[in-house]
């Protein structure tokens, strides 16, 4: 499958002076004209990553398959969802099967980002039995991980439907997989926070400790070295810090582990002069209450660092 390369829009629009700051995220990654998330890897990158995964699994020395399956046997199989979820990562699965059998016939019945019900068939395959068997685990590993992220993200998005808030990811991603996991978040209906440390300023408690808690000084130093189009965000643990951040003219205020009433008061205090992000203590039971305080963003680390894998399986015809 030929997957388009991710061509990011310039990281941030220029900062706005005054009130009613824009509520676009810190990392604006390209979507297609139809709104579909753009797959973040090129065809060459997909091939290389799948090849490495197949080599890691020693697919050329699958003793079990070599012993039990004759070399010219062909089989039909279906990749099936064992529970409801959002599908993500099919380009990897198809590439894995094609690397093991260049002549495999694949029918894709579910597109990336689609929600499927339990027992839905995602892919149909007809090819060399040894090839299908040796590619099976690698194909599923890619798809289960990415579909799990997309599915958990969709649950959060659905939980706050009807509010103004947006669900964002964090940098709590698997090393080397950030582009993929942030893509999976987009497939689930979420948005991306900054992609890396160079994309936006985020002054947190440990940074403030280095300037004796002086938010104005930290923001001033950040403005002095950051490009003038780069947003500056400050993490606040109380309303006094929120007030100081507003006075310093920050673009985004991160409310860290605040109680709901404090969040409401912060929203009133800021009054549109900065984008407000909430973080900490966020789960599927608490997220709706957080969204109803009037915050703009809710960042959820768990959607990438600890999502349950979506239960997928490859069923062979007898």
Just to verify a result, which residue in the range 106-115, among those that are in a loop (DSSP other than H, G, I, E, B) and in contact with a strand residue (DSSP E or B) (Cβ under 8 Å, 6 or more places away or on another chain), is farthest from residue 78 (Cα to Cα)?
113
Looking at 110, 86, 105, 80, which is the one that is modelled with pLDDT of 95 or more and over 30 Å from residue 154 (Cα atoms)?
105
The range 173-197, residues that are over 14 Å from residue 88 (Cβ atoms) and outside any loop (DSSP other than H, G, I, E, B)
178, 191
Only one of these conditions is not met by residue 230: (1) more than 20 Å from residue 168 (Cα to Cα); (2) assigned to a loop (DSSP other than H, G, I, E, B); (3) touching a strand residue (DSSP E or B) at 6+ places or on another chain (Cβ under 7 Å). Which number is it?
(1)
Residues located in the range 252-277, provided they are surrounded by 22 or more Cβ atoms within 10 Å (Cβ to Cβ) and either in contact (Cβ under 8 Å) with a residue 40 or more places away in the chain or in a loop (DSSP other than H, G, I, E, B) (or both)
252, 254, 255, 258, 274, 275, 277
Meets criteria (in the same structural domain as residue 134 (by TED's automatic domain parsing), assigned to a strand (DSSP E or B) and touching a residue at least 60 places away in the same chain (Cβ under 8 Å)) for residue 76:
yes
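This table checks each residue for (1) out of contact with any strand residue (DSSP E or B) (no Cβ under 8 Å at 6 or more places or on another chain); (2) farther than 25 Å from residue 52 by Cβ; (3) surrounded by fewer than 18 Cβ atoms within 10 Å (Cβ to Cβ).
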{"residue": "104", "(1), (2), (3)": "no, no, no"}
{"residue": "117", "(1), (2), (3)": "no, yes, yes"}
{"residue": "122", "(1), (2), (3)": "no, no, no"}
{"residue": "128", "(1), (2), (3)": "no, no, no"}
{"residue": "145", "(1), (2), (3)": "yes, no, no"}
{"residue": "161", "(1), (2), (3)": "yes, yes, yes"}
{"residue": "166", "(1), (2), (3)": "no, yes, no"}
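Yes/no matrix, rows are residues, columns are (1) outside any strand (DSSP E or B); (2) loosely packed, with under 14 Cβ neighbours inside 10 Å; (3) under 26 Å from the mean Cα position of the chain (by Cα); (4) modelled with pLDDT of 95 or more:
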position	(1), (2), (3), (4)
241	yes, no, no, yes
245	yes, no, no, yes
285	yes, yes, yes, yes
288	yes, no, yes, yes
Do we find that residue 209 is surrounded by 19 or more Cβ atoms within 10 Å (Cβ to Cβ) and either free of Cβ contacts under 8 Å to residues at least 24 places away in the same chain or not assigned by TED's automatic domain parsing to the domain that holds residue 171 (or both) in this structure?
no
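The values are calculated or read from the model by the stated rules, or taken from the named source; none is laboratory data. For clarity, every value in this text was computed on a predicted model and none was experimentally measured. So basically every Cβ, Gly included, is an ideal-geometry build from the backbone, and we count neighbours across all protein chains shown.
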